[in-house]
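Notes follow the structure.
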Amino acid sequence: MALKKSKEVTYISFLRQVSTKFSDLLAFSGPAPERINGRLAMVGFVLALAVELFKGQDVFAQISDGGVFLFVGTSILLSVASLIPLFKGVSVESKSDGIMTSDAELLNGRLAMLGLVALAFTKYVTGGTLV
């Protein structure tokens, strides 16, 4: 019983320590930058791969074919949606459960960033699409 109570106290004190200042959230080591970039990379990689499969357009053709406006719109939407809970003091770790953990999200985001680089590199080296 005492162990459970100490975990609750630790959890509550952890929630109180989360800073909601804009400069802290977007600091280099803050909770927002890598998470937002990872989420954007995951969406971008899946969509870029889907367009390559169905239309045969590489990443650079997608960008020049009106993709900049979609990128900016998606970036704004995902950034705001990612920042709102952080401004309310909710940490990402507090919402982790089962296989959907904050560490898994960071890993998937990093892999998606590498995937986008691979799509661009494939176009540069081979002159064609990845798939």
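Annotations for the structure displayed:
- When the charge dipole of the range 23-131 is built from unit charges on Cβ atoms (+1 for Lys and Arg, -1 for Asp and Glu) and taken about the Cα centre, the candidate among 64, 82, 104 whose Cα reaches farthest toward its positive end is 64.
- Most mobile of 72, 46, 92 in a GNM of the chain (Cα contacts under 10 Å): 72
- P(r) tail fraction, the range 11-131 - alpha-carbon pairs more than 24 Å apart, %: 37 percent
- Calculated mean residue ellipticity at 222 nm for the chain: -23000 deg cm²/dmol, from DSSP H runs with n ≥ 4 weighted as -39500 (n - 2.57), summed, divided by the residue count and rounded to 500.
- Between helix 68-87 and the chain: long-axis angle, C-alpha atoms, 0 to 90°, nearest 10: 10 degrees
- Cα long-axis angle, helix 2-17 against the chain (0 to 90 degrees, to the nearest 10): 60 degrees
- Against the chain, whose longest principal axis is taken from its Cα atoms, helix 33-55 shows a tilt of about 30°.
- The range 66-119 - convex hull of alpha carbons, volume per residue in Å³: 89 Å³
- For the chain, modelled as a GNM whose springs connect Cα atoms under 10 angstrom apart, the maximal fluctuation among 75, 23, 96 occurs at 23.
- Residues 74, 20 arranged by fewest to most Cβ contacts within 10 Å: 20, 74
Just so you know, all these numbers are worked out from the coordinates, no wet-lab data involved. Please read these numbers as outputs of a predicted model, since none were measured by experiment. Reconstructed Cβ throughout: ideal geometry from the backbone, glycine too, with neighbour counts over all protein chains shown.
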